[in-house]
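Report on one structure; see the data block that follows.
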Amino acid sequence: HPQFARCKILDTHLQLLARYHFDTRFATMNVEKCPFLAQKFQVRVLPCVLVIQNGSVVDRIVGFEELGNADNFATEVLEKRLAQTKVIQLPKGELASIPVKERPVEFQVSGSDSHDEDEDDSNLRY
């Protein structure tokens with residue numbers, strides 16, 4: 001929701017993660033503009049991160065409780081939480097010690113080295 005401060009905070013973290021985790025699609029949804037999706041996925045509390053695989057919700061993060069329960073949580077906390085679901089992979093080697101905000105964009109964390117050029121997901125990526 002664009003007027004909820006915590007939604008904006010979470011959106012900022014997701015934008016940073018999307019720059020490095022190329023194999024994962026990140027999308028945002030305004031519940032006011034897509035009430036049918038909010039209802040379908042039973043979104044009752046904001047912010048809410050849904051992990052969707054093969055059309056089904058396999059995990060969800062509701063609020064900030066799992067992220068330290070504070071507005072100033074580090075992006076790495078969200079990255080680790082998403083890695084628990086295996087929707088993203090944690091960085092290895094020298095990249096593991098670099099905070100997300102400071103990672104060079106040319107580093108890719110996810111498994112694949114290529115992106116399918118035929119796939120139009122421009123409205124889903126940050």
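The values are calculated or read from the model by the stated rules, or taken from the named source; none is laboratory data. Quick caveat: nothing in here was measured; it's all calculated off a predicted structure. Here the Cβ is made from the backbone with ideal geometry for all residues, glycine too, and neighbour counts use every protein chain on show. SASA here: full protein model, heavy atoms, side chains in, ligands and nucleic acids out. Shrake-Rupley method; radii C 1.70, N 1.55, O 1.52, S 1.80 Å.
Quick notes on this one:
- Cα gyration tensor shape for the stretch 1-59, rounded if a/c is under 1.5, else prolate or oblate: oblate
- For the stretch 1-91, the carbon plus sulfur part of the accessible surface works out to 50%, probe radius 1.4 Å.
- Per residue, the Cα convex hull of the stretch 1-112 amounts to 108 Å³.
- Entry comment: accessible area of the stretch 10-67 is 58 Å² per residue, from protein heavy atoms only and a probe of 1.4 Å.
- From most to least packed by mean Cβ count within 10 Å, the peptides 5-11, 95-101 give 5-11, 95-101.
- Distance violations [Cα-Cα > 25 Å] among K8/K80; K40/K80; K33/K86: K40/K80; K33/K86
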